[in-house]
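The values are calculated or read from the model by the stated rules, or taken from the named source; none is laboratory data. What you see is a predicted model; the values in this text were computed from it and never measured. Note that we place each Cβ from the backbone using ideal geometry, even for glycine, and neighbour counts take in every protein chain shown.
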Amino acid sequence: MNQVLIVEKDVRGYMKILFNRPEKRNAVNYQLMDELEAVLSKAASDDEVKMLILTGAGSQAFCSGGDLSEFHDLYTEEEAFTMLSKMGKILYTLAVFPKPTLALLNGSAVGGGCEIATACDFRLAKSGVKLGFVQGTLGITTGWGGASLLLEKIPEQKALKLLLDAKIHKAEEAREFGFVDKIIEEDTNGWEEFVEDLLRHETGVLMAYKKLLVKKWKDSGIKGRMEAEIRECAKLWATDAHHAAVDRFLNKKK
């Protein structure tokens, strides 16, 4: 079985993790979950890694969220909760990762793809990239804890607007919301300049500041809020409205 993550370590101190399912617009399946969980565990204790960069293989997509063709056979609340909570735990691990993390949005990021990006400390996007928390169009809410994290990252009103409208936004709009930190123009390495500003510091410095942020989140009960959010999504997953919406989506793609 081919790996669905490509992991590259750079001598400057960052590890780049590429979602490598371009034929599925880098959608998340169970194999990707397992590989990502293992990589995060290893990178956390790797002294050569000062920072993580997550991005997508190819140029079309960062991540299109959960692979509905693989998850569509989940019908009941408990079946959905098992899958959602598995990825939710990985998202929490990413959010509280002891070193800085960055989502490089090289292509579209929708649904769970936006949740993964939210779990990272920084989000850089190529100009014109489209992104959105589109879960509402499928009759569900964010299912991996992304809304709870989004409410920590940007002002509540702006976060709520992104979640409720469930629309696709261009990266430039998302920057106005505060979701995207920097726009990277085509054929430039603007992301490297951003990263190098951080990597010039000692690992201990980077980890000490991240530790302060993680403590703030843990003290606020972020893990419990993410778990409650996941449970609400699981309830909605089991509804006829969700299953009908997924059927329409999958049939449209055929």
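Side notes on the structure shown:
- Members of region 76-91 found to be among the aliphatic types (A, V, I, L, M) and either outside any helix (DSSP H, G or I) or under 9 Å from the mean Cα position of the chain (by Cα) (or both), listed by number: L91
- Filter pass, E192 being modelled with pLDDT under 95 and either exposed (fewer than 15 other Cβ atoms within 10 Å of the Cβ) or of a type in the set (D, E, K, R) (or both): yes
- Spans of helices (runs of 4 or more DSSP H) in region 123-178 with at least 1 residues free of Cβ contacts under 8 Å to residues at least 12 places away in the same chain and closer than 20 Å to V96 by Cα: 146-153
- Complete set of residues in region 52-61 that are closer than 15 Å to L36 by Cα and either crowded, with 22+ Cβ neighbours inside 10 Å or among the polar types (S, T, N, Q) (or both): L52, I53, L54, T55, G56
- Positions within region 200-254 being modelled with pLDDT under 95 and part of a loop (DSSP other than H, G, I, E, B), in sequence order: K254
- Residues in region 183-199 that are of a type in the set (D, E, K, R), within 23 Å of K9 (Cα to Cα) and touching a residue at least 40 places away in the same chain (Cβ under 8 Å): E196 only.
- In region 92-106, the count of residues that are on the phi > 0 side of the Ramachandran plot, surrounded by fewer than 23 Cβ atoms within 10 Å (Cβ to Cβ), out of contact with any helix residue (DSSP H, G or I) (no Cβ under 6 Å at 6 or more places or on another chain) and in a loop (DSSP other than H, G, I, E, B) is zero.
- Of all residues in region 11-34 being part of a loop (DSSP other than H, G, I, E, B) and in contact with a helix residue (DSSP H, G or I) (Cβ under 9 Å, 6 or more places away or on another chain), the one that is farthest from S45 (Cα to Cα): R25
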